[in-house]
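Below: one structure, written as structure tokens.
The values are calculated or read from the model by the stated rules, or taken from the named source; none is laboratory data. Keep in mind it's a predicted model, so treat the numbers as computed, not measured. A quick note on method: Cβ atoms are made from the backbone with ideal geometry, for glycine too, and the neighbour counts reach across all protein chains shown.
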Amino acid sequence: MKDKSELFKNLNLINKHNDYNKKLIMSLGKTFGERGLASSTPNSIFQNISPLDGLTDMELGLFVTSLYNSKDLDKEAKETIKPSDYFTPSEIDIIDNFKIEKKILRELVFESIDKVHNSDFEWLCGWWSFEDMYDAHLANLTSYNIKTQREATYKRTQTGEILILPTINPIAVREIGELAYNDKFKPNLITINIRLIKGKTPNIKHDERSRKLIITPEYDFTKPNTTFADIIDGQHRFSGAISGVEKRRKEGKKTKGGLFVYIMCATEDEANAIIAKEAKRNEISTEHTKSIENTDYNKIVSMINEDKNKKNNILYNEVAKTYKELEATEKLTTNEFLTYAIKHTGLDISNSYKMKIEIPEILEIMNDICQTIIQEKFSNDIEKIKKETELFKHGMFAGYFVLATKIKTGNCENKINDIVDSLILRNDKLKEFNLGTKNPKLNKLCEFIETII
């Protein structure tokens, strides 16, 4: 048998290439529905709402065999997930005959609910049993939002493609699963965020008299009541618990454990701020934590990274949250480097209205600088720029932001060509700043930039 990690890698690659293959996703959904599972699960897998690592054995097996037997997946892709390479004949037989007669749940129901801080948007559930968690999982009622997780994992395929994956530790999940199976898992807390989306009203009903909270997920963004119940803290506990339940149910038995649940309503930015606080307490990557904190600087970096005026923004979708992400994706710069540059400029970032006007103007000048280098000075030979100069090292883009800000302030856009010539001539000086490393000398770079205008 081949290792399951190879199967996950191949499945993630297939998912990336087929996330909008509606015919394939609908046929898989039909198969899941016929077997008593949530018909929405395949789409959630393709959209990274349900991580592969969190699927039960039966869900994974059915997903693989259904993909392999589908007429809507090319032959080359099928060969990478051949069921007989990853499952024994007896396992395949069980998968082929698997069916749940129990009615699929449509709602998440939490009982023994109390308000937190007397808030209408925060609740604490006294007990969510592993058995109920398992049924909710099979019904695809909870979601995994990669944007509000502590840090994603980046993997490069043999063809050079980048896969952005949930960071799930299979060993931790397995250990928790064993504890849940043996009824030895001590009660703990997980956090569920009802994602607040602009223009949408989530399906939530809270009956204070019966102390019951009902959440009805809706993953269709065209609906006015789009609703996601994101597990933002405790995914390992959740995945481990359902694996323990699955193992017990195969024996015709039930587990006795459960978890406390903190339920809140927050936007993705607000959820990230909470994760950042938790990360500080748990010593998670400091760089990642800083990149998701709810600060004015991060808001400006997001504005830069998400400004869809691609023609005039070389940094569109090119700012990595961490150096680890930068290495995997080969993006142009990082949140930390760009934040340093913004601080150096002294921009009035607290004035959001002013920034919405000024940032696009700065980005346009920065784009002109980079395009002058690419087109006029190196005849569109980007590989030559990377190989022979410091001009496209990731630390340098912090310098370009500072430079563009100074050019805008001094109204000297007509000097861009001369400034670029000066940068090229002083390439040896730029080498002193370690611009292609994890710790470039940005203070020295910014001081140098001040001297060439």
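Descriptive notes on the structure:
- The residues on offer are SER27, SER66, SER90, and the sole one that is polar (S, T, N, Q), in a helix (DSSP H, G or I) and surrounded by 20 or more Cβ atoms within 10 Å (Cβ to Cβ) is SER66.
- Residue selected from segment 42-51 under the condition of a type outside the set (A, V, I, L, M) and part of a helix (DSSP H, G or I), by the criterion surrounded by the most Cβ atoms within 10 Å (Cβ to Cβ): PRO42
- For GLY54: the one exception among (1) surrounded by fewer than 17 Cβ atoms within 10 Å (Cβ to Cβ); (2) under 26 Å from the mean Cα position of the chain (by Cα): (1)
- Taken over segment 211-230, residues that are touching a residue at least 40 places away in the same chain (Cβ under 8 Å) and polar (S, T, N, Q) amount to 1.
- Looking across segment 169-202, the residues that are part of a loop (DSSP other than H, G, I, E, B) and over 19 Å from VAL261 (Cβ atoms) come down to ASN169, ASN182, ASP183, LYS184, ILE197, LYS198, GLY199, LYS200, THR201.
- Criterion (over 25 Å from ILE100 (Cβ atoms), basic (Lys, Arg) and surrounded by 14 or more Cβ atoms within 10 Å (Cβ to Cβ)) met by exactly one of LYS22, LYS78, LYS71: LYS78
- Of all residues making up segment 95-127, the number that are free of Cβ contacts under 8 Å to residues at least 40 places away in the same chain, closer than 27 Å to GLY33 by Cα and exposed (fewer than 15 other Cβ atoms within 10 Å of the Cβ): 3
- Residue match in segment 225-242 (condition: under 22 Å from ILE274 (Cβ atoms), among the hydroxyl-bearing types (Ser, Thr, Tyr), touching a Phe, Trp or Tyr at 6+ places or on another chain (Cβ under 9 Å) and in a loop (DSSP other than H, G, I, E, B)): yes
- Residues in segment 207-249 that are surrounded by fewer than 16 Cβ atoms within 10 Å (Cβ to Cβ), more than 15 Å from ARG195 (Cα to Cα) and acidic (Asp, Glu): ASP207, GLU208.
Per-residue answers, yes or no, for (1) closer than 19 Å to VAL173 by Cα; (2) not acidic (Asp, Glu):
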{"position": "LYS4", "(1), (2)": "yes, yes"}
{"position": "LEU7", "(1), (2)": "yes, yes"}
{"position": "ASN12", "(1), (2)": "no, yes"}
{"position": "HIS17", "(1), (2)": "no, yes"}
{"position": "ASN21", "(1), (2)": "no, yes"}
{"position": "PHE32", "(1), (2)": "no, yes"}
{"position": "SER44", "(1), (2)": "no, yes"}
{"position": "LEU55", "(1), (2)": "yes, yes"}
{"position": "GLU59", "(1), (2)": "yes, no"}
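- Listing of helices (runs of 4 or more DSSP H) fully contained in segment 322-429 that carry 1 or more residues being touching a residue at least 60 places away in the same chain (Cβ under 8 Å) and of a type in the set (Asp, Glu): 323-329
- Note on segment 303-315: residues that are farther than 17 Å from ILE342 by Cβ and either at pLDDT 70 or above or crowded, with 19+ Cβ neighbours inside 10 Å (or both) amount to 1.
- Taken residue by residue, segment 182-205 has no member that is among the β-branched types (Val, Ile, Thr), assigned by TED's automatic domain parsing to the domain that holds GLY258 and without any contact (Cβ under 8 Å) to a residue 12 or more places away in the chain.
- Within segment 107-122, considering residues that are part of a strand (DSSP E or B) and not basic (Lys, Arg), the one farthest from GLY258 (Cα to Cα): GLU122
- Output for segment 430-443, where each listed residue is of a type outside the set (Ser, Thr, Tyr) and either assigned to a loop (DSSP other than H, G, I, E, B) or loosely packed, with under 14 Cβ neighbours inside 10 Å (or both): LYS431, GLU432, PHE433, ASN434, LEU435, GLY436, LYS438, ASN439, PRO440, LYS441, ASN443
- For segment 353-373, a residue qualifies if it is surrounded by 18 or more Cβ atoms within 10 Å (Cβ to Cβ) and farther than 21 Å from LYS415 by Cβ, and the qualifying residues are MET355, ILE359.
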